[in-house]
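Q: So that we are looking at the same thing, I have put the structure below in structure tokens.
The values are calculated or read from the model by the stated rules, or taken from the named source; none is laboratory data. Since we're looking at a predicted model, the values are computed, not measured. As a convention, Cβ positions derive from the backbone with ideal geometry for all residues, glycine included, and neighbour counts pool all protein chains shown.
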Amino acid sequence: MRRINPSAFKVAKRGTSREINRQITLNLIRVKQPISRAELARMMGMRRGAVTLLINELIEGGLVREGAKGQSRRGRRPQHLYIDSRKRCVVAVDIRASRTFVMVADLLGHPQLNVTSVPSERDPRRLVDELVGRVGQMLREHPEVGECQGWGIAVPGILERDGGRVLNAPTLGWRDVDLGGLLAKATTQPIFMENSCKACALGQVWAVREDVPVDGTLVFVSVSDGVGVGIVIDGRLVRGAHNIAGEFGHVSLNAEGPRCSCGANGCWEAYISNLATLTRYLGRERAGPIYTEALTVEDIIGCARAGDARALDALETTWAGGWL
Ligand SMILES: [Zn+2]
């Protein structure tokens, strides 16, 4: 028997099992497409008629479409099923301390337009205005990508568990910023927000790695302008009681260490983030992390390849200093 919390539980309602089967069907089509109704029925161990009912609903709802007919040794050729990603797109936004990146993808996450970026305004209202303007322009200029179904936004900070507030994002200098509210006012499309490192871990499980079992374990260490960790156990993202599981970037390794964006000294992030490498290269560790449009970590890698000893030293301390 599985133990339940007697003060917080959800009983199965009429339609619960149907909703579960709907999710299973959608997932199977997403992973196996093109796939026929007969193959789905076989994989799900269900009667063909029950699967046909589910598929009809998904087709009516515009989530699944029928494509070309497949091969059959005898009898009718099966009609292949696909997730219907035609004429619909989603917007992916990755907010980082230095720049904010925007991508338009189809419903399966395949990029439809080139990634573009804008400087990350520290004023959240200005950043939202800039993003809404830029995305609107992209969608107007490329009507072929179809109607936007929603935005997914990766934020480098601690987010409210339910809701759109950014509780703390040190590299942006944000504390208790209602980013979700600002975006909801500025757009009519649904907004989904996630901590950057958690989003990276989910991205690996859903779209990138095929060697992670669906119910497996994965730890993703993100070294970008900031540093954080996304943890997946038994196929589920670990959030922790306050949605801060994996927030190891601001664990202090040395109280005498370099200044961090959070105000403390010697955080893990202050040793290994891209901004830490940049700051080390510029010899300004005592003053705290530096954001500059003029120099990126890619520039430092380029300098190191060209034989610049200071660049090489800054990178070697990041990678070989024992912190990462
Ligand atoms: Zn810190």
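Q: ARG239: of a type in the set (D, E, K, R), more than 15 Å from PRO170 (Cβ to Cβ), modelled with pLDDT of 90 or more and in contact with a helix residue (DSSP H, G or I) (Cβ under 7 Å, 6 or more places away or on another chain), yes or no? Spell out how you get there, then give the answer.
A: On the way: of a type in the set (D, E, K, R): yes; more than 15 Å from PRO170 (Cβ to Cβ): yes; modelled with pLDDT of 90 or more: yes; in contact with a helix residue (DSSP H, G or I) (Cβ under 7 Å, 6 or more places away or on another chain): no.
In short, no.
Q: Inspect segment 13-20 for any residue being surrounded by 14 or more Cβ atoms within 10 Å (Cβ to Cβ) and β-branched (Val, Ile, Thr) and give the result as yes or no.
A: Quick first cut of segment 13-20, residues surrounded by 14 or more Cβ atoms within 10 Å (Cβ to Cβ) only: none.
No, there is no match, as no residue in segment 13-20 is surrounded by 14 or more Cβ atoms within 10 Å (Cβ to Cβ) and β-branched (Val, Ile, Thr).
Q: Just checking, does segment 150-158 include any residue being more than 26 Å from PRO34 (Cβ to Cβ) and in a loop (DSSP other than H, G, I, E, B)?
A: Checked segment 150-158: at least one residue is more than 26 Å from PRO34 (Cβ to Cβ) and in a loop (DSSP other than H, G, I, E, B).
Q: Here's another thing I want to ask about it. Could you check, for segment 94-109, whether at least one of its residues is over 30 Å from LEU172 (Cβ atoms) and in contact (Cβ under 8 Å) with a residue 12 or more places away in the chain? Quick ask: steps written out before the conclusion?
A: Residues of segment 94-109 that are over 30 Å from LEU172 (Cβ atoms), as a first pass: 108.
Subset that is in contact (Cβ under 8 Å) with a residue 12 or more places away in the chain: 108.
Yes - at least one qualifying residue is present in segment 94-109.
Q: Another one. Being away from the ligand (no atom under 16 Å from the Cβ), of a type in the set (A, V, I, L, M) and free of Cβ contacts under 8 Å to residues at least 40 places away in the same chain is true for just one of ALA184, ALA154. Which residue is that?
A: Answer to the selection: ALA184.
Q: Restricting segment 173-207 to residues that are surrounded by 16 or more Cβ atoms within 10 Å (Cβ to Cβ) and of a type in the set (D, E, K, R), which is farthest from ALA92 (Cα to Cα)?
A: The selected residue is LYS198.
Q: Restricting attention to segment 255-291, and to residues there that are among the charged types (D, E, K, R) and near the ligand (Cβ under 10 Å from one of its atoms), which single residue is nearest to GLY157 (Cα to Cα)?
A: To start, the set of residues in segment 255-291 that are among the charged types (D, E, K, R) comprises 256, 259, 269, 280, 284-286.
Next cut, near the ligand (Cβ under 10 Å from one of its atoms) only: 259, 269.
Details: ARG259: 18, GLU269: 13 Å.
My answer is GLU269.
Q: Evaluate segment 99-109: report whether one residue or more is among the basic types (Lys, Arg), loosely packed, with under 15 Cβ neighbours inside 10 Å, out of contact with any helix residue (DSSP H, G or I) (no Cβ under 8 Å at 6 or more places or on another chain) and within 26 Å of SER273 (Cα to Cα). Break it down stepwise before answering.
A: Taking segment 99-109 and keeping what is among the basic types (Lys, Arg), we get 99.
From what's left, loosely packed, with under 15 Cβ neighbours inside 10 Å: none.
There is no residue in segment 99-109 that is among the basic types (Lys, Arg), loosely packed, with under 15 Cβ neighbours inside 10 Å, out of contact with any helix residue (DSSP H, G or I) (no Cβ under 8 Å at 6 or more places or on another chain) and within 26 Å of SER273 (Cα to Cα).
Q: Would you check if ARG239 is within 16 Å of the ligand (Cβ to nearest atom) and charged (D, E, K, R)? Write out each step before concluding.
A: On the way: within 16 Å of the ligand (Cβ to nearest atom): no; charged (D, E, K, R): yes.
In short, no.
Q: How many residues, within segment 231-258, are outside any loop (DSSP other than H, G, I, E, B) and under 26 Å from ILE290 (Cβ atoms)? Before you say what the answer is, go through the steps one by one.
A: Let us first name the residues in segment 231-258 that are outside any loop (DSSP other than H, G, I, E, B), namely 231-233, 236-237, 252.
Right, trim to under 26 Å from ILE290 (Cβ atoms) and you get 252.
The qualifying residues number 1.
Q: Which members of segment 110-127 meet the condition of being outside any loop (DSSP other than H, G, I, E, B) and without any contact (Cβ under 8 Å) to a residue 24 or more places away in the chain? Explain how you work it out, then say what you get.
A: Of the residues in segment 110-127, the ones outside any loop (DSSP other than H, G, I, E, B) are 111, 116-119, 124-127.
Residues satisfying the conditions are PRO111, THR116, SER117, VAL118, ARG126.
Q: With the requirement that a residue be at pLDDT 95 or above and within 12 Å of the ligand (Cβ to nearest atom), what does segment 159-168 give you?
A: If the condition is that a residue be at pLDDT 95 or above and within 12 Å of the ligand (Cβ to nearest atom), then no residue fits.
Q: Which is modelled with pLDDT under 90 and touching a His at 6+ places or on another chain (Cβ under 9 Å), of ALA97, ALA68?
A: After ruling out the rest, the residue left standing is ALA68.
Q: Please verify whether ARG284 is buried (at least 16 other Cβ atoms within 10 Å of the Cβ) and without any contact (Cβ under 8 Å) to a residue 40 or more places away in the chain, treating the condition exactly as stated.
A: On the way: buried (at least 16 other Cβ atoms within 10 Å of the Cβ): no; without any contact (Cβ under 8 Å) to a residue 40 or more places away in the chain: yes.
In short, no.
Q: Within segment 222-256, track down each residue that is surrounded by fewer than 16 Cβ atoms within 10 Å (Cβ to Cβ), touching a residue at least 40 places away in the same chain (Cβ under 8 Å) and over 18 Å from the mean Cα position of the chain (by Cα).
A: Hits for segment 222-256 are HIS242, LEU253.
Q: Identify, from the list ILE24, ILE35, ILE29, the residue that is aliphatic (A, V, I, L, M), more than 25 Å from VAL145 (Cα to Cα) and at pLDDT 90 or above.
A: On the way: ILE35 fails: more than 25 Å from VAL145 (Cα to Cα); ILE29 fails: more than 25 Å from VAL145 (Cα to Cα).
Answer to the selection: ILE24.
Q: Okay, moving on. Taking CYS197 as the residue in question, decide whether it is within 16 Å of the ligand (Cβ to nearest atom), at pLDDT 90 or above and within 25 Å of LEU131 (Cβ to Cβ).
A: On the way: within 16 Å of the ligand (Cβ to nearest atom): yes; at pLDDT 90 or above: yes; within 25 Å of LEU131 (Cβ to Cβ): yes.
When the stated conditions are applied, CYS197 passes them.
Q: Farther than 30 Å from VAL223 by Cα and either of a type in the set (A, V, I, L, M, F, W, C) or not in a loop (DSSP other than H, G, I, E, B) (or both): does that describe GLU130?
A: On the way: farther than 30 Å from VAL223 by Cα: no; either of a type in the set (A, V, I, L, M, F, W, C) or not in a loop (DSSP other than H, G, I, E, B) (or both): yes.
So GLU130 does not fit the description; no.
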